[in-house]
Structure formats: C-alpha cells, structure tokens
Amino acid sequence: MAENKARHLPGDSALAQARYVRMTPQKVRRIVDLVRGRRADEVMALLQFAPQAAGEPVRKLVQSAVANASNNKQLDPSSLWISQAYVDEGPTMKRFRPGGKGRAFTILKRTSHITVVVQSRPGSGPARRTRRPGVAPAGRARRTAQSSPETTSSAAPTGATTESEGTR
C-alpha cells in the first residue's frame, strides 16, 4: 500500500500529486527536470509557454501545490520554490493493433504519477543554480582555462585583411 507522503513533510512545505496522467513518464520527466529547484512563480511562467504537451499537467500541479501551501499552511506564494519533483510510473494499459498475416502488435499506453513539493524559502530572491561537486564548469571559462598562452596569438591569420587595410 502507498504511504502518505504528506506526513513526512516539514512544516514549511506543501505537496500536490497527479495520478494516472495519460503521458509516458519519460516525456513528463523532461519537463519535471526543468522545474526542479526553481521558484514557483518562475516555473508557472516557464511552463505556460512550453511547447511540450507535458507542460500543462505539470503547470497545473505546481499551481495546485502553491494553492495547498497558501490555503492549508498559510505560506507566502511568492517565497515558494520547488524542493522536490519526481515522476513515478503508473499502470500500463495494453492495447493491440492488427499486423500483417494475422498477427497483433502490442501498444503500451503508459501512465504517470507526478509529485511536486513546494517549500518556503524566506527572502527568496532569484533562484540560484549551484554547481554539483566534481563537475567542471561549462562554456567559455573552461575553454580559456584550458588554452595555454603560447597557443593563442593575436596576429591575424595569413591572407586576412585587417581593418586598417580595408578592401580594394
């Protein structure tokens, strides 16, 4: 039997669950991974214009969790952020599609159980994403740190015109 997850929450958290959502967990997890760790109001704006179909049920679920927090726990909606968000696999409906030579092919219609937990963070400003330990920084900083001074040159490549020369 399933446990009551709301019993194990801290006092400044609220939970919302959507069960038997007719979308595959793999597709819903793509959206849930986007919203985990962000501010709730930022997530609402992000998911409102998300092109993925899974954005709508996740947005409604975040909206429900914020409403649960403000109505049941008297928390300020502007200080809420997504502390936990995960997708579990629900039951799979099996359907059959006819194939050639009298065969039948199985179609699996998967369902998802989505859970979102919002938590109050006092004085929460812009959401800050922290780097995981042991992971190198991405982007330009890493590239410039790896390049050595002798490999970079300030001279123009051969055959290139500089601004002073102009074009003829």
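Is it the case that some residue within segment 1-16 is in a helix (DSSP H, G or I) and touching a Leu at 6+ places or on another chain (Cβ under 9 Å)? First the steps, then the outcome.
Restricting attention to segment 1-16, the residues satisfying the condition of being in a helix (DSSP H, G or I) are 5-8.
In the following step, the residues that additionally are touching a Leu at 6+ places or on another chain (Cβ under 9 Å) were identified as 5-6.
Yes, the conditions are met somewhere in segment 1-16.
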Quiz prompt | Subset of segment 28-64 that is part of a loop (DSSP other than H, G, I, E, B) and touching a Lys or Arg at 6+ places or on another chain (Cβ under 9 Å) - its residue that is surrounded by the fewest Cβ atoms within 10 Å (Cβ to Cβ) | solution = Ala53
Quiz prompt | Unique match (being over 30 Å from Val43 (Cα atoms), in contact with a strand residue (DSSP E or B) (Cβ under 9 Å, 6 or more places away or on another chain) and either at pLDDT 60 or above or buried (at least 16 other Cβ atoms within 10 Å of the Cβ) (or both)) among Lys101, Lys94, Lys73 | solution = Lys94
Quiz item: In segment 138-154, is there at least one residue being exposed (fewer than 10 other Cβ atoms within 10 Å of the Cβ), of a type in the set (A, V, I, L, M, F, W, C) and modelled with pLDDT under 95?
Solution: yes
Practice problem: Tell me, please, whether a residue that is within 22 Å of Pro122 (Cα to Cα) and hydrophobic (A, V, I, L, M, F, W, C) can be found in segment 88-98. | Solution: no
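The values are calculated or read from the model by the stated rules, or taken from the named source; none is laboratory data. Treat the numbers as computed from the prediction; the structure is a model and nothing was measured. Quick reminder, even Gly has a Cβ in these numbers, built from the backbone with ideal geometry, and neighbours come from all protein chains shown.
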